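Down below is the structure, laid out as structure tokens.
The values are calculated or read from the model by the stated rules, or taken from the named source; none is laboratory data. The structure displayed is predicted, hence computed values, not measured ones. Cβ placement follows ideal geometry from the backbone for every residue including glycine, while neighbour counts extend to all protein chains displayed. These area figures cover heavy atoms from the full protein model, side chains too; ligands, DNA and RNA do not enter into them. Shrake-Rupley method; radii C 1.70, N 1.55, O 1.52, S 1.80 Å.
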Amino acid sequence: MPELCLNVEDLARIRIVDTLGMAFEAHLAWGRVADQQRDALSEWRRRTRLRMRRPSARYTASGPFLSLVETLTLPLSREADAFRAAAVEPFWDRIHRFLKLERDAAGRGMSVGGMEHVLNSRHDAIRWDAPILTVDNAQPARRTALTGQGMTLVPSLFASRPFLIDSHVGWQGLPILVYNITPSPETAPAMWGSHEGESALRALLGRTRADILDTLRETRSTGQVADRLRISSPSASKHITVLRRAGFVTTARQQNSAVHSLTPLGEAILG
């Protein structure tokens, strides 16, 4: 298990951030989607598998993602981005709000007992016994002195356990300590459940056309829409034509492809 040796300067330079971004959470989510246990992510898994239209057996440990460090520094591959769009993006506003609440709670902990209190209260696997911060996980045992540079502390919804991102895994920036947080039984249904308006829109238009409208919050080609929703290009084209005739979508030519975006009416119906 990793150990960090922190001096007074390190403690003063610890940054608490809410997230490392949607791509980072998607990378971690890939490793959780095939799990079979019933927990706070069960409904998310069900919805993600439906959106991806792929059997759970095809989700592997490696998946389409590169290393965590490369996810933080390089664009996602086409397949990884499609997974991000299906598994994380639809819930991102609620996920991000949840992570921000944790960051704010850590900030309040600073005012109560200082950084020492924050480090000892974020996760059972993180222990602060001055001057050593221990992260109880499966990473190789090592002790690293931060020598006054500090580090970044960040919560994650999809991490399965706390872990350290540092030079030992190829990271060249300040060390990052990621720790997992779990929604309560009361919070989880609201995080994964559809809003009432979203359910009504799907009932009105059908799930696929409602999902296409949601995907077209950003201008995309027919092929990009098909890739994100895991449907065929002819099927995507047919649904987009219906939405265009209804006045929800507009289409323009861009080089050799058609690109689609929402009309003001399409934006209004999404809310």
Check: Along the stretch 213-229, what does the Karplus equation 6.51 cos²θ - 1.76 cosθ + 1.60 (θ = phi - 60°) give for ³J(HN,Hα), rounded to whole Hz, x for Gly and Pro?
Finding: 4, 5, 5, 7, 4, 10, 4, 9, 7, 4, x, 5, 4, 4, 5, 5, 9
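At a 1.4 Å probe radius, carbon and sulfur cover how many percent of the accessible area of the stretch 1-157?
Values: 3920 of 7590 Å².
That share works out to 52 percent.
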Margin query: For the chain, set up a GNM with springs between Cα atoms under 10 Å and report which of Gly21, Gly247, Gly223 has the largest fluctuation.
Written below: Gly247
Next item on the list: Determine the relative contact order of the stretch 128-182: mean sequence separation of Cα pairs under 8 Å and six or more apart, normalised by residue count, in whole percent.
Entry: 35 percent
Next item on the list: Treating the angle as unsigned and between 0 and 90°, give the value, to the nearest 10°, between the Cα long axis of helix 233-245 and the longest Cα principal axis of the chain.
Entry: 70 degrees
Check: How far, in degrees from 0 to 90, does helix 92-121 lean away from the longest principal axis of the Cα atoms of the chain, to the nearest 10?
Finding: 10 degrees
Checklist line | 3J(HN,Hα) from dihedral phi, the stretch 7-23, Karplus parametrisation 6.51/-1.76/1.60, rounded to Hz, x for glycine, proline | finding: 9, 4, 5, 4, 4, 6, 10, 6, 9, 10, 10, 7, 6, 9, x, 5, 4
Item checked: Whole-Å distance, taken between Cα centres, linking the stretch 1-38 and the stretch 203-232 -> 32 Å
Item checked: Using alpha-carbon coordinates, inclination of helix 196-205 to the longest axis of the chain, degrees -> 30 degrees
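Can you give the extra length, in nm with one decimal, that the chain gains between Trp92 and Asp136 once fully stretched, where that is 0.36 nm per residue apart less the Cα-Cα distance? Present the calculation step by step, with values, prior to reporting the outcome.
Details: separation 44, 0.36 × 44 = 15.84 nm, distance 2.87 nm.
Going from the current span to full extension adds 13.0 nm.
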Checklist line | Options (i) 20.6; (ii) 18.4; (iii) 19.9 - which one matches Kirkwood radius over Cα pairs in Å as calculated here | finding: (i)
Next item on the list: Find the accessible area per residue for the chain; the probe is 1.4 Å, ligands and nucleic acids are left out, and the unit is Å².
Entry: 50 Å²
Checklist line | MRE, 222 nm, helices only [DSSP H, n ≥ 4, -39500 (n - 2.57), over the chain, to nearest 500] | finding: -13500 deg cm²/dmol
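What does the extension gain come out to for Ser167 and Val69, with contour length at 0.36 nm per residue minus their alpha carbon separation? Mind dumping the intermediate values first?
Numbers: separation 98, 0.36 × 98 = 35.28 nm, distance 1.01 nm.
Computed gain between Ser167 and Val69 is 34.3 nm.
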Next item on the list: Express in whole angstrom the spacing between the alpha-carbon centres of the stretch 81-138 and the stretch 233-271.
Entry: 40 Å
Notebook entry, point to check: Karplus couplings for the stretch 28-36 from phi (6.51 cos²θ - 1.76 cosθ + 1.60, θ = phi - 60°), rounded to Hz, Gly and Pro as x?
Noted result: 5, 5, 4, x, 10, 6, 8, 4, 10
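Set the Förster distance to 25 Å, then compute FRET efficiency between Val8 and Asp124 from the Cβ-Cβ distance, nearest 0.05.
Once the sixth-power term is evaluated, E becomes 0.45.
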Check: Name the residues of the stretch 100-120 whose amide N is less than 12 Å from a point 7 angstrom out from the Cα of Thr187 along the C-beta direction?
Finding: 100-106
